[in-house]
Amino acid sequence: MTSREIHLTVPAPRCTFIPPWLAERVDGPERAALDESLRTRRSVEARSARRIVVSGGSPWTVHDADSTTSLPGTPVRSAGDPESGDVAVDEAATGIEATLAMFAEVLSRESHDDAGAPVSLTVHYGSRYNNAFWDGTQLVFGDGDGRVFERFTKPVDVLAHEFSHAVVEHTAGLVYQGQSGALNESVADVFASCLKQRLLGQEAADGDWLIGEGIFKPSIKARALRDMAAPGTAYDDPELGADPQVGHMDDYIETTDDNGGVHLNSGIPNKAFQLAAVAIGGTAIEGAGRVWYDALVGDAVPEDADFATFAAATVAAAGQQADAVREAWAQVGVEPTAGTSAPSRSSAPAGAQRLRVERSGGFIGRTETAEVDLDDDLRGLVADAALTATTGGSERPMPDMYVYTFTVDGSDPIRVPEHRLTASQAELARRTLP
């Protein structure tokens, strides 16, 4: 296997350069600063308190954040309620009903924890927020910027993708970094595509294998965000550039962006699943989907599993279809090998005499980077933000949440998950990033 490292730089005003998942920065309205409650909340006690609030006997509850970043927001619809008339609320309700039904009826799984946990969803999160994520407690959806992205509740597979991250958390717990993180992303795409095909009444051979179809505005030259059958072909737009996702180990991308390229390299296991699903036949969820699920809930997939380890687990779970599954992995350059784990990735060297701020990840896998000279005002913020501290960058990232990386004065990069940003760090990001 050979590998390559990707560093895309695009000249822009204010010394900005972007090595993005979407190839070039999407010019759009400035994102609202993160609410103080978002910056400081998310302790274990807060999560437990929220669960008590949203349970109420309903298997799911949709909340409205009303364009703020306070979670969970105001409850607006629960199971059994009529349509609200709010399109995002009703899309979320329809999506979670269908997702829960698929996992229960085909895989005999009751909610994400397999114990019937009530599902909390929040819509209208933030102002023109281009993302959706699972935060360890609930599913969260932005409305999109209205220029490049539609609302994130529009494609039902986005919701299924985020719910599946919760399933992964409660099963193999795949660490969201490097190859295990790419597997985390891929498994979420797998069940998202299974749901989409199930709702359309399709067998695996008939599916289009597109993830996030409809997430882009009509003016954008894109079929979807990802294509599991043909990674790297989902879009090719003058503004966005070409889809850089890869589908074979020969093209594996070594990068420190996006938690080690989890959205780029997830195309490899995505393609393996698509090939296996078509080879096994029938519906994706009842064929290869069952195999992937059995591997996920078994004891052969450690939290830091690499592609080879996960592949071996799927072959072992495939029974009479083992040869088809093994061949699917072989076609993407993965040799199933039990008992290995993903190699660790080293951090990129820091810059000097300048402040570099990077926001990466998110459901769309977008990376934005800006680099500026430090003036007196920014130096004060840097001091308040404690960016030269030796702690703060070790917390495990959550699936599809943004991660901010601050590098200043030759110090080691400080990586902070979105929900752990301090007020000073959020202000630095707001002033620096477009």
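The values are calculated or read from the model by the stated rules, or taken from the named source; none is laboratory data. Just so we're clear, the structure is a prediction, and the values are computed from it rather than from any experiment. Backbone-built Cβ (ideal geometry, glycine too); neighbour counts: all protein chains shown.
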Does segment 269-286 contain at least one residue that is farther than 20 Å from Glu203 by Cβ, at pLDDT 95 or above and of a type outside the set (Lys, Arg)? yes
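Residue-by-condition table, conditions (1) modelled with pLDDT of 70 or more; (2) over 25 Å from the mean Cα position of the chain (by Cα); (3) of a type outside the set (S, T, N, Q):
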site: Glu335; (1), (2), (3): yes, yes, yes
site: Phe363; (1), (2), (3): yes, no, yes
site: Glu368; (1), (2), (3): yes, no, yes
site: Leu374; (1), (2), (3): yes, yes, yes
site: Thr388; (1), (2), (3): no, yes, no
Yes or no: Arg47 over 10 Å from Val123 (Cα atoms), among the basic types (Lys, Arg), surrounded by 13 or more Cβ atoms within 10 Å (Cβ to Cβ) and modelled with pLDDT under 95? yes
Considering only segment 136-156, state which residues are out of contact with any Lys or Arg (no Cβ under 7 Å at 6 or more places or on another chain) and over 25 Å from Trp209 (Cα atoms). Gln138
Qualifying residue in segment 149-156 (condition: assigned by TED's automatic domain parsing to the domain that holds Leu107 and more than 18 Å from Trp134 (Cα to Cα)): yes
Restrict the check to segment 305-324 and report whether at least one residue is within 30 Å of Arg359 (Cβ to Cβ), in contact (Cβ under 8 Å) with a residue 24 or more places away in the chain and surrounded by fewer than 24 Cβ atoms within 10 Å (Cβ to Cβ). yes
Matching residues, segment 161-183, being acidic (Asp, Glu) and surrounded by fewer than 24 Cβ atoms within 10 Å (Cβ to Cβ): Glu169
Consider segment 71-108. How many of its residues are surrounded by 16 or more Cβ atoms within 10 Å (Cβ to Cβ) and out of contact with any Cys (no Cβ under 9 Å at 6 or more places or on another chain)? 22
Pairs, first among the polar types (S, T, N, Q) in segment 412-428, second buried (at least 21 other Cβ atoms within 10 Å of the Cβ) and at pLDDT 80 or above, C-beta under 9 Å, six or more apart: Thr422/Val416; Gln425/Tyr404; Gln425/Phe406; Gln425/Ile414; Gln425/Val416
Which of the following residues is in the same structural domain as Ala182 (by TED's automatic domain parsing), surrounded by fewer than 24 Cβ atoms within 10 Å (Cβ to Cβ), in contact with a helix residue (DSSP H, G or I) (Cβ under 6 Å, 6 or more places away or on another chain) and of a type outside the set (Gly, Ala, Ser): Ile285, Ile220, Ile211, Ile280? Ile280
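Listed here are the residues, each with its yes/no results for (1) more than 12 Å from the chain's Cα centre (by Cα); (2) touching a residue at least 60 places away in the same chain (Cβ under 8 Å); (3) part of a loop (DSSP other than H, G, I, E, B).
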| site | (1), (2), (3) |
| --- | --- |
| Thr137 | yes, yes, yes |
| Asp145 | yes, yes, yes |
| Phe152 | yes, yes, yes |
| His161 | no, yes, no |
| Val175 | yes, yes, yes |
| Gly181 | no, yes, no |
| Ala188 | no, yes, no |
| Phe191 | yes, yes, no |
| Arg198 | yes, yes, no |
